[in-house]
Every structure is written in structure tokens, then in C-alpha cells.
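Visitor: The structure under discussion is supplied below as C-alpha cells; questions concerning it will follow.
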Number of protein chains: 2
Amino acid sequence: MNQKCIGIDIGGTSVKMGLFQADGTLLKKWEIPTRKEDGGANILGDIAASIRRQMKGEGIALTELAGAGMGLPGPVLPNGHIEFCVNLGWKAGNPQEELSRLLDGIPVKSGNDANVAALGEMWQGGGRGYKNLVMVTLGTGVGGGVILNEKIWTGMQGVGGEIGHMHIVEGEKEQCNCHGYGCLEQVASATGIARVARRLLEKDERPSVLRQAANLNAKHVLDAAKAGDELALEALNTSCYYLGWALAAVTMVLDPEAYLIGGGVSRAGTFLTDLIRKYHNELSPMATKKADIVLAELGNDAGIYGAAKLILG
Amino acid sequence: MNQKCIGIDIGGTSVKMGLFQADGTLLKKWEIPTRKEDGGANILGDIAASIRRQMKGEGIALTELAGAGMGLPGPVLPNGHIEFCVNLGWKAGNPQEELSRLLDGIPVKSGNDANVAALGEMWQGGGRGYKNLVMVTLGTGVGGGVILNEKIWTGMQGVGGEIGHMHIVEGEKEQCNCHGYGCLEQVASATGIARVARRLLEKDERPSVLRQAANLNAKHVLDAAKAGDELALEALNTSCYYLGWALAAVTMVLDPEAYLIGGGVSRAGTFLTDLIRKYHNELSPMATKKADIVLAELGNDAGIYGAAKLILG
């Protein structure tokens, strides 16, 4: 099969799109703003119009495409139904059916954006060669995606892979966005890493370069930890301990071949994955063959790659 | 298909066997002792001889059977290879290939016993009607099995479903059999429940009927908790809190339809599952559709049922 297809990644600010060959070559990518007004009523129409325009420019008829895949910021059922997409203003509906209608009936498939990104990394990124992996995206929040036998695992309501909302910290008094207390996201996201450091700074008087940082963020903590700042190292170790613990729990459930670490925080590179691996391995002694813990590679393009792979199967 | 097949469950003391119809009817069951001497060299021969004898009695030729399935007490790779079976004295080998040879080449398949029991419960026990479930067996240890799309999920090295060795208790100083510290098994197995109660008894002077128990065990704790003994209730709540926490973590990874609670401890019935459900639901607020938490039904027969199902597919 040498048909081409489209990968679409709908975010709260912009919609990224790419034209792919079946072998994974990204031929062209472009983006348009996400118009969230009127309950996001224009988003799918804008996407369809943009695809038509781009395909016209390429001299490709819609019917020549194998289809379009789409990553959405929310839970998606296997049939494409969504209950809501808070960030887009969408209520219950079936965006993949709607987009297919807007594109002369070409096949459209969709999935949750974090899951779709995991699929993209498996296909053409840091997860090449693995069939079973779990991706963890360390950004403002902690996202996750589970890939089993090269397919996204959503679970019965799309909660599968929501690693960020595994309860992991006992006694946490602050509430998480999910209404839980002590979620992994609260200590291991970019926001979480900064929060752990801030709490350490408040707890004692130790000197630390972090005391000079205005609007302390995860990058400050990671940079200071790399430079050997003791308090920053302690903060990062705490975050990576909880991450390693959560992944060790996943290992006892799924025993995957690999974990992929992505998102803004993962720019810290192997300094970060080494720490996560240390705690994961300590806390999963029964798994004598250790899962690989590696960096994601596609960055913000993971979503369009995975969306294309949804269609290519 | 109305062919018959054999289900075999090899334990450290006895080998249970059953003759099944394809519709799940158990036509006959029997058992033989497990001869562990000489590195378990006689076990498969004994099984083959016993099956030949029983089939002769039934007037069924081996070639009329769809095959035989087998549950083994250890990790089993998808191709039937095992690295060891400590409880049977077995070293590396492929018992399913060997048993097939001993039974004139009829198909033989095998799996880990806890996984196979989970499959049996899905087929004909408490898990009927579910396609995706996680079974937790609360016995001397805590076993587990993951069923996805009606099939056993083993993971890359057979560690999939080893719920009992999820790290869950921080700061535990005693070592688990797996060489870890703070595994679920240490607080939620029959042994673990008694241990939690014993620690509470040592910690303070509160009156409790458990102070009179000789060789305090999980049944004492469960009975006393049902009767309203405050300390026993606290112990059981602690165990169920960790169980609920572990299952909530599984929910965020796999989002299964149901959890099946089996093993000796599960004789406490819905008193136990109600407590586990309470903590599971509290610690997984993002899963608005709650997984069912139900009792297993097949008891010690789950293994032979699941083993038969391995063959029936």
C-alpha cells in the first residue's frame, strides 16, 4: 500500500496536520488556529477546508487518500464517540463521523491525543521496534498512553493510560484537577516538579540557587539539579521516585517492553530517564528482565504521526 | 464445536484434572498427587497415564479430544517455555510440548496458574459476561491475572498480572518473598491481613477479641471485624485500603470492566468486596464509570476451567 493519509492533532490553541506516506514519511505539515468560540462549532469545518486547500495544492484528490486520523484532547470511545472535549468546548458527539462527512466520506478515525502520541512514537519515534509500551508525557500535566500489540488500549471508558492520575502520594492535602488527592501528576508534571521544589524551599533554610529564581519552574529545578544543587536534586529525586514507583506498578500489571518518556520535562534527557529507571528497577524486583526506559523522539509531531497510523492500521 | 477437552491444574500437592464439553460443562473431575521427587521428573508422565486411564474408562480416544490445557505454578511464555517452576522442582523446558508428545501429539497449551484461573472465572465463573477483567486471588500470597479481550495478558516475561508484588506500602522494613519491600501481598494476603492485625495488637492496649486468638490468622480478623471488633475492623480497613489503592492504580492503566476477588480470604463475601470497592472508588475519581468488584465463584476449580478454555480458545 503506498496510499497517502492525513494526521490531525487538535489542541486547544492550534490544529496540527500532516500528509504522510504509508511508510511513515511526513511529506508536508501545516497548522491552523483552533477556533474555540461557539462551542468549537467551526473547528471541524476549518480542518476540512484546510485539508481540501492543501490537497488541491498537492494535486491530490480526497478520494486518493487512505483517510484521516485525528487526536482529540479528551476520552474517545472505540467508535469515535466523545462525551465532551472541555478544551475545545465540544459536547457529546462523534467528531470522526462528522469530519468524514465534511471530507466526502473518506475514512476518519480518532483517539485520545495522549494515546495517539504514544502510537506515533511506537511507529516512527523512540518506540520503534516495540509492540508493547507505555508512554508518559511530562508536561503541564502528566499524560499517558498504553500500546498493546501495536494498538492503543483505551479501556472501557477511555481512562486506560491515565498514568498521571494514579494515586501515589499518601496524605496529600491539595486537590488534583481530577478531584483526587495525591495523583502522580501533582508531583511529576512540570508544575509538580516545581511544586515539590517550592515545598522543600519553604521547609528549611538550605542554600539553593533556586531561591533566586523568579517564578520557579521545572526547568530551573532540572538545570540546578544537573549543576549539583542539593535541594534541586532532592526535589527531582522525589519526583522521579514517584514516577519510578508508578511505572513499577504498571510493570507488575502489564509487563511492557518499554516506557517512553516525553513532554517538555523530557528535554532534560538521560539525566531524567536514569533517575526514573533507578527507582523503577528498585521497586519491581520480580521483573528480572527490565523494561527499557527511553526518551520519546517526535516532540510535538508525535500526535500527527500517531493520527496517521490510526488510519494505516 | 462439541468436542471435549481436558483441563489440568498442577499444584505443589496435587494435580487437578477435568473433562469438559466445549460449552463449559464439567463432565468429570479427578486428581492425583504431585510427585515432586527427582526434580518433578514423573509429574507429566503421571498426568499422561492418568488421562489415558480416565479416557479409557469414558470410552473416549485421545484423538477425539480437542486437546488439553494446563495451568503451571510459575511464569510461562506464550510458546509454553518455562525458565523454572520452583514448587515442582522443574528447570527450564517446555512442558506443554512434552505432555503433547506423551499424549500422542494432541494439542496442549499452558499458562501461569493465576492467569489460567482468571480465564476460568471469565468463562464460567464470577466473570461471565466480561471481556476485560483483572482477577486478584487473596490466599497465602496475592496472585493476579489480567484478561484483555477474553485472552490472558502475560507481558514480555510473564510478570503481567502480578498484582501482589505492586509496591504499595512506604517505609516497610520487612522483605517480601520477591525481595521487594512493601508489596501488596505483605498487607493484603491472608498472611498479610493477620500481620497487619498483629502489628496493631502490639502497638496499643485496646481490648480486642483477637487478643484471645491462638495463632492469629486472617479468618480470625475477618470474623472479628464482621462482629464489630474495633481493632479487627481497623486492620481489615488497612488491608482493603491498600487493595483498593492497588486496584485504583490498575484502573488508571487498564480501565477494566471488572475486578474478581478470589482465594480463601474472599470467603468473607461482600463484606470484603464492599470495603475494597469503597477505597477503589475513592482513589480513582477520574473513572466516573466504576469497574465492578465482584466475588470469584469457581473456587479451586477455576484452574481446570481456565486450562480447558486455553484449548477451546
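The values are calculated or read from the model by the stated rules, or taken from the named source; none is laboratory data. This is a predicted model, so every value here is computed, not measured. For neighbour counting, all protein chains shown are included, and Cβ atoms are generated from backbone atoms with ideal geometry for every residue, glycine included. Side chains are part of the model used for accessible areas, which takes the heavy atoms of the whole protein and leaves out ligands, DNA and RNA. Shrake-Rupley method; radii C 1.70, N 1.55, O 1.52, S 1.80 Å.
Visitor: How far, in degrees from 0 to 90, does helix B:43-58 lean away from the longest principal axis of the Cα atoms of chain B, to the nearest 10?
Guide: Once rounded, one gets 70 degrees.
Visitor: Evaluate Rg over Rh across the stretch B:74-113, taking Cα atoms for both radii and Kirkwood's formula for Rh. Each step should come with its number before you reach the end.
Guide: On the way: Rg = 9.9 Å, Rh = 10.3 Å.
Over the Cα atoms of the stretch B:74-113, Rg/Rh equals 0.96.
Visitor: To continue, here is another question. Top mean-square fluctuation among B:145, B:69, B:93, Gaussian network model of chain B, C-alpha springs under 10 Å?
Guide: Maximum fluctuation in the GNM of chain B, among the listed residues, is at B:93.
Visitor: Computed from the mean reciprocal separation of all distinct C-alpha pairs, what Kirkwood hydrodynamic radius does the stretch A:170-222 have, in Å? Show your work: numbers first, answer last.
Guide: Details: mean 1/r = 0.0845 Å⁻¹.
One decimal place: 11.8 Å for the Kirkwood radius.
Visitor: Given H placed on each backbone N at 1.01 Å, which residues far from residue B:293 in sequence or on other chains put an amide H within less than 5 Å of it?
Guide: Correct list: B:259.
Visitor: Enter the angle in degrees (range 0 to 90, nearest 10) between the Cα long axis of helix A:230-254 and the first principal axis of the Cα atoms of chain A, meaning the one along which they spread out most.
Guide: The two axes meet at around 60 degrees.
Visitor: Separate question: Hey, rough spin-label estimate for residue A:230 and residue A:204, points 7 angstrom out along Cα→Cβ, what's it come to in nanometres?
Guide: 0.7 nm
Visitor: Put the label 7 Å from Cα along Cα→Cβ for residue B:129; what are its distances to the other copies, in nanometres, shortest first?
Guide: 4.7
Visitor: Packing-wise, with mean Cβ within 10 Å as the measure, how do A:33-39, A:44-50 rank, highest first? Present the calculation step by step, with values, prior to reporting the outcome.
Guide: Values: A:33-39: 12.9, A:44-50: 17.6.
So the peptides A:33-39, A:44-50, ranked by packing, come out A:44-50, A:33-39.
Visitor: Run the reach check for residue A:131 against lysines, Cα to Cα strictly under 19 Å, same-chain hits fewer than 8 apart removed. What comes back?
Guide: By straight Cα distance, residue A:131 reaches A:151, A:289, A:290, A:309, B:151.
Visitor: Name the shape class, rounded, prolate or oblate, that the alpha-carbon gyration tensor gives for the stretch B:208-306, where a ≥ b ≥ c are the square roots of its eigenvalues, rounded holds for a/c under 1.5, and otherwise prolate holds if a/b is larger than b/c and oblate otherwise. Don't skip to the end; give the middle numbers.
Guide: On the way: a/c = 2.77, a/b = 1.40, b/c = 1.98.
The shape class here is oblate.
Visitor: Any chance you could list the semi-axes, whole Å, largest first, of the equivalent ellipsoid that the Cα gyration tensor gives for the stretch A:253-313, using √(5λ)?
Guide: Result for the stretch A:253-313: semi-axes of 25, 17, 7 Å.
Visitor: Modelling each spin label as a point 7 Å along the Cα-to-Cβ direction, I'd like the residue A:41/residue B:31 distance in nm, to one decimal.
Guide: Here the modelled spin labels are 6.9 nm apart.
Visitor: Now a separate question. At residue A:215, with labels set 7 Å past Cα in the Cβ direction, how many nm apart are the copies from this one, shortest first?
Guide: Its label point is 6.7 nm from the equivalent points in the other copies.
Visitor: For a quick check of understanding: with a 1.4 angstrom probe and all protein chains in place, what accessible area in square angstrom does residue A:23 have, to the nearest ten?
Guide: Accessible surface of residue A:23 is approximately 100 Å².
Visitor: Pick from A:123, A:153, A:30 the residue whose mean-square fluctuation is largest in a GNM of chain A, springs joining Cα atoms under 10 Å.
Guide: Looking only at A:123, A:153, A:30, the biggest GNM fluctuation is shown by A:30.
Visitor: Which value, to two decimals, describes the C-alpha radius of gyration of chain A once divided by 2.2 N^0.38 Å? Please report the intermediate quantities before stating the final value.
Guide: Details: Rg = 20.3 Å, N = 313, 2.2 N^0.38 = 19.5 Å.
Relative to the 2.2 N^0.38 Å estimate, chain A comes out at 1.04.
Visitor: Would you mind getting me the FRET efficiency between residue B:214 and residue B:177? Use the beta-carbon distance for r and R0 = 30 Å, nearest 0.05. Write down the numbers at each step before the final one.
Guide: Details: r = 25 Å, r/R0 = 0.84.
Result of the calculation: an efficiency of 0.75.
Visitor: Run the numbers on the stretch A:14-121 and let me know its relative contact order in percent, using alpha-carbon pairs under 8 Å that are six or more apart.
Guide: Values: 152 pairs, mean separation 25.6, N = 108.
Result for the stretch A:14-121 is 24 percent.
Visitor: Follow-up. Run the numbers on the stretch A:178-231 and let me know its relative contact order in percent, using alpha-carbon pairs under 8 Å that are six or more apart. Show your work: numbers first, answer last.
Guide: Values: 38 pairs, mean separation 19.3, N = 54.
For the stretch A:178-231, the relative contact order is 36 percent.
Visitor: Given the stretch A:163-269, what whole percent of its Cα pairs are spread farther than 18 Å? List each step's numbers first, then the result.
Guide: Numbers: 2811 of 5671 pairs.
So the pairs more than 18 Å apart make up 50 percent of the total in the stretch A:163-269.
Visitor: To continue, here is another question. As I understand it, the value is the acute angle between the Cα axis of helix A:113-124 and the longest principal axis of the Cα atoms of chain A; what does it come to in degrees, rounded to 10?
Guide: 80 degrees
Visitor: Tabulate in residue order the Karplus-calculated ³J(HN,Hα) for the stretch B:175-184, using 6.51 cos²θ - 1.76 cosθ + 1.60 with θ = phi - 60°, rounded to whole Hz; enter x for Gly and Pro.
Guide: Here the 3J(HN,Hα) series is 8, 7, 4, 7, 6, x, 10, x, 6, 3 Hz.
Visitor: Take the Cα pairs of the stretch A:1-80, get the Kirkwood Rh, then feed it into Stokes-Einstein at 4 °C and 1.567 mPa s and tell me D in µm²/s.
Guide: Details: Rh = 13.4 Å.
Calculated translational D: 97 µm²/s.
Visitor: Roughly speaking, to the nearest percent, how much of the stretch A:24-82's 1.4 Å accessible area is carbon and sulfur? Please report the intermediate quantities before stating the final value.
Guide: Values: 1420 of 2780 Å².
C and S atoms contribute 51 percent here.
Visitor: Once you have a ≥ b ≥ c as the square roots of the Cα gyration tensor eigenvalues for the stretch A:88-188, tell me rounded if a/c is under 1.5, and otherwise prolate or oblate according to whether a/b is larger than b/c. Each step should come with its number before you reach the end.
Guide: On the way: a/c = 2.71, a/b = 1.45, b/c = 1.87.
Oblate is the answer for the stretch A:88-188, as a/c is 1.5 or above yet b/c matches or exceeds a/b.
Visitor: Take the Cβ-Cβ distance between residue B:149 and residue A:56 as r, set R0 to 51 Å, and report the resulting FRET efficiency rounded to the nearest 0.05.
Guide: Numbers: r = 42 Å, r/R0 = 0.82.
With R0 = 51 Å, the Cβ-Cβ based efficiency is 0.75.
Visitor: Output needed: percent of Cα pairs per 10 Å distance bin for the protein assembly as shown, bins running from 0 to the one holding the longest distance.
Guide: The calculated distribution, bin by bin, is 3, 16, 23, 23, 19, 11, 4, 1, 0.
Visitor: Looking only at A:166, A:17, A:135, which one moves most when chain A is put into a Gaussian network model with springs between Cα atoms under 10 Å?
Guide: Top of the fluctuation ranking is A:166.
Visitor: Could you give, in nm with one decimal, how far residue B:203 is from each other copy of that position, shortest first, with labels 7 Å out from Cα toward Cβ?
Guide: 2.2
Visitor: So, for the protein assembly as shown, what is the accessible surface per residue at a probe of 1.4 Å, expressed in square angstrom? Please report the intermediate quantities before stating the final value.
Guide: Values: 25380 Å² over 626 residues.
Solvent-accessible surface per residue comes out at 41 Å².
Visitor: Also, I was wondering about something else. Rounded, prolate or oblate: pick one for the stretch B:29-140, where a ≥ b ≥ c are the square roots of the eigenvalues of its C-alpha gyration tensor, a/c under 1.5 means rounded, and failing that, prolate if a/b is larger than b/c, else oblate. Mind showing how you got there, number by number?
Guide: Numbers: a/c = 1.73, a/b = 1.19, b/c = 1.45.
Since a/c reaches 1.5 but b/c is at least a/b, the shape of the stretch B:29-140 is classed as oblate.
Visitor: Tell me, what is the percent relative contact order of chain B, built from C-alpha pairs under 8 Å that lie six or more residues apart?
Guide: On the way: 682 pairs, mean separation 64.1, N = 313.
Dividing the mean separation by the residue count of chain B yields 20 percent.
Visitor: Follow-up. Could you work out what % of the accessible surface of the stretch A:162-253 is carbon and sulfur, using a 1.4 angstrom probe and leaving DNA, RNA and ligands out of the count? Write down the numbers at each step before the final one.
Guide: Values: 1980 of 3840 Å².
Here carbon and sulfur together make up 51 percent of the probe-accessible area.
Visitor: Can I ask one more? Quickly estimate the mean residue ellipticity at 222 nm for the protein assembly as shown, helices only: each DSSP H run with n ≥ 4 gives -39500 (n - 2.57), and the total goes over all residues, rounded to 500. Present the calculation step by step, with values, prior to reporting the outcome.
Guide: On the way: 20 runs with 232 residues, N = 626.
Calculated from helices alone, the mean residue ellipticity at 222 nm is -11500 deg cm²/dmol.
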